[in-house]
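The structure that follows is given in the form of structure tokens.
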Amino acid sequence: MRKILIVDGYPLYREGVMSALRGHPLRALVLGASSGGEALRLLDQDPTVDLVLIDLRLGDEDGLRALRARHPSIARMVISAHDSGDVVQAAARAGAQGFLPKSHSIGEALNGIRAVLEGGVEHPLLRRAGAYTARVSRRAPIRNHARARCGRAGGAPGRARP
């Protein structure tokens with residue numbers, strides 16, 4: 001079973017996303033943390049987490065870099081209410097493989113999460129350009145078991161399996 005950690009300072013949002021993800025076909029164990037420090041402590045105790053969704057406000061560039069430095073094999077997605085090009089690019093520079101606007105529906109969020117778990121990169125700038133998922137090689141290898149449990153090893157870019 002995949003493990004996803006949601007890091008957001010607002011309990012209503014964090015717990016809502018956790019509940020929504022538990023009820024969908026990702027079949028993931030979903031954990032929550034209210035701060036970057038709490039997330040790092042959880043990851044130090046259980047480094048088998050496959051994906052961290054972290055609020056941009058909590059995962060500033062230094063926080064994302066710390067997460068990448070301490071746990072390089074864990075995929076990282078930034079979640080934020082702001083999705084301007086500058087914000088998305090800053091998140092990517094800080095080590096996020098994905099960007100999830102808080103304005104997304106759960107279906108859009110699931111597609112983005114699947115893409116990142118399968119080794120892709122997902123963010124709004126790609127979507128606006130007409131390419132929903134771009135597969136790229138990462139500096140830090142993402143666990144092979146995360147991709148294997150996604151149900152397929154590869155696939156055509158731009159197509160997320162429902």
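The values are calculated or read from the model by the stated rules, or taken from the named source; none is laboratory data. From a predicted model like this one, the values you see are computed outputs, not experimental measurements. Every residue, glycine among them, receives a Cβ derived from its backbone with ideal geometry; neighbour counts consider all protein chains shown.
Among (1) surrounded by fewer than 21 Cβ atoms within 10 Å (Cβ to Cβ); (2) farther than 17 Å from Val7 by Cβ; (3) more than 14 Å from the chain's Cα centre (by Cα), which single condition is Asp83 missing?
Going through the list (1) surrounded by fewer than 21 Cβ atoms within 10 Å (Cβ to Cβ); (2) farther than 17 Å from Val7 by Cβ; (3) more than 14 Å from the chain's Cα centre (by Cα), Asp83 breaks only (1).
Would you confirm, using the coordinates I've provided, whether Ile106 is within 18 Å of Leu26 (Cα to Cα), modelled with pLDDT of 85 or more, touching a His at 6+ places or on another chain (Cβ under 8 Å) and aliphatic (A, V, I, L, M)?
Judged against the criteria, Ile106 is a match.
So, in the stretch 18-40, of the ones that are in contact (Cβ under 8 Å) with a residue 60 or more places away in the chain and either in a helix (DSSP H, G or I) or touching a Ser or Thr at 6+ places or on another chain (Cβ under 7 Å) (or both), which residue ends up farthest from Gly98 (Cα to Cα)?
Restricting to residues being in contact (Cβ under 8 Å) with a residue 60 or more places away in the chain and either in a helix (DSSP H, G or I) or touching a Ser or Thr at 6+ places or on another chain (Cβ under 7 Å) (or both), the top hit is Ala20.
Can you pull out the residues in the stretch 93-112 that are among the aliphatic types (A, V, I, L, M), part of a loop (DSSP other than H, G, I, E, B) and either crowded, with 22+ Cβ neighbours inside 10 Å or out of contact with any helix residue (DSSP H, G or I) (no Cβ under 9 Å at 6 or more places or on another chain) (or both)?
The one that is among the aliphatic types (A, V, I, L, M), part of a loop (DSSP other than H, G, I, E, B) and either crowded, with 22+ Cβ neighbours inside 10 Å or out of contact with any helix residue (DSSP H, G or I) (no Cβ under 9 Å at 6 or more places or on another chain) (or both): Ala96.
One residue is enough: does the stretch 41-60 have a residue meeting the conditions part of a helix (DSSP H, G or I) and either of a type in the set (A, V, I, L, M, F, W, C) or at positive phi (or both)?
yes
Then there's this: What is the number of the single condition among (1) more than 21 Å from His123 (Cβ to Cβ); (2) outside any loop (DSSP other than H, G, I, E, B) that Ala90 does not meet?
(1)
Can you name the condition, by its number, that Phe99 falls short on among (1) modelled with pLDDT under 50; (2) within 19 Å of Leu5 (Cα to Cα)?
The single condition Phe99 does not satisfy is (1).
So Asp83 fits all but one of (1) touching an Asp or Glu at 6+ places or on another chain (Cβ under 9 Å); (2) at pLDDT below 90; what number is the exception?
For Asp83, the failing item is (1).
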